[in-house]
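Notes follow once the structure below has been shown.
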Amino acid sequence: MKVSVIIPVYNVEDYIEKCLNSLLQQTLNDIELIIVNDGTKDLSIEKIQYLVDSNKNIKLINQKNSGLSAARNTGLEYAEGEYVAFIDSDDYVESTFLEELYIAAIEDNLDISMSGYKKLKVNKYEEKERNYKLYNTVMTGVEFLEKELKYKDYCMEVWDDLYRLDFLKENNLKFEENLLHEDELFTPLALLKADRVKLIKSNKYIYRQREDSIMSNKPNINHINSCYFIINKFLDIYTNTTSKTNRYIMMKLLAHLTNAYEDKIFNSDLSMSNQKSLLKKIRNSYVLNIIRKSEDLTIKRKINYFLLQINFEVYYFCNAFKRILKNNDHL
């Protein structure tokens, strides 16, 4: 089996048939489709049952609703392919999507074979252009991540890539469950472990930007907590690595993430009790220690600024934050 394609399904009855048909029409042979029914409440499975019944290369796995990360992890348990792809069930792909990625992976013995995508919004396509310096060069994952951040061209999505299954298993790489923004954690962790990665100049994945998707909804406490969790994961890597390169990359990544999360913080609608809870998390974390240790003043300011942007009443938060910084006048 060349490629295992994992497709989590939850309430996508309007899109799943197109997604599955696009995968059945791939030019690459010897692939398997692993559909993980994550306790869908609509007619998603009924819509594709005829395809499941008529194609021997489709596996259908049913589980109670546990979230996207858990569904992907379940799919990994059943995967038998040399490489694995993670496809979102409301998206679809062009016919050569898997073949182009697989050929690159085999020719260069890649741990991760990466491509780009087209964004579909209101029946209009928008192609995602990457920095030309990132294309068609085999690098370590660390080198690639460093260049992405250097060129301000960091992309965290997993669904337009192929991952060598043995690479994922050897490094125990899975998706963090009960987390939003799961790709933002998984992708850097995978790149830090990868010996050989390459980005090919191909945009055959069609990402459907839906107004009713999880990521399009107004941010709430779950979004904020996920952002906070991810940031602390990378802070933990920063404090525990002895590699100067990895420490530098982690700080660059943290600066990128804190900037990216600002809009979510600004647009959230947290109650006062949740505001106080989040303040307590910040107060008890070691974020401030990392800021103090950082030698990069730009990154220091950006992380400090992120803490100040959390959606508290301005007067309430500023006074509380002043108390935190009372003994840290040099910040």
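The values are calculated or read from the model by the stated rules, or taken from the named source; none is laboratory data. Predicted model, so just to flag it, every value in this text is computed and none were measured. Surface accessibility is based on the protein's heavy atoms, side chains included, excluding ligands, DNA and RNA. Shrake-Rupley method; radii C 1.70, N 1.55, O 1.52, S 1.80 Å.
Of the listed pairs 59/233; 128/152; 18/121, which have alpha-carbon separations greater than 23 Å here? Result: 59/233 exceed 23 Å.
Under 5 Å from the amide H of residue 34 lie the amide H atoms of 5, 6, 7, 59, each residue being 5 or more positions distant or on a separate chain, with H modelled from the backbone and absent for Pro and chain starts. Classify region 75-121 as rounded, prolate or oblate from the Cα gyration tensor: take a ≥ b ≥ c as the square roots of its eigenvalues, call it rounded if a/c is under 1.5, otherwise prolate when a/b beats b/c and oblate if not. It comes out oblate by the Cα gyration axes.
Let a ≥ b ≥ c be the square roots of the eigenvalues of the Cα gyration tensor of region 44-87; is it rounded (a/c under 1.5), or, if not, prolate (a/b larger than b/c) or oblate? Verdict is oblate for region 44-87. On the accessible surface of region 1-88, probed at 1.4 Å, how many percent belong to carbon and sulfur atoms? That share works out to 44 percent.
An oblate overall shape is assigned to region 127-213, the ratio a/c of its alpha-carbon gyration tensor axes (a ≥ b ≥ c) being 1.5 or greater and a/b not exceeding b/c. Here region 7-156 was treated as a single set of alpha-carbon atoms; its pair distances binned every 5 Å from 0 give 2, 8, 16, 19, 19, 16, 12, 6, 2, 0 percent.
For region 88-99, 3J(HN,Hα) computed residue by residue from phi via the Karplus equation (6.51, -1.76, 1.60; θ = phi - 60°) reads 6, 6, 9, 9, 8, 10, 7, 5, 9, 3, 6, 4 Hz, glycine and proline entered as x.
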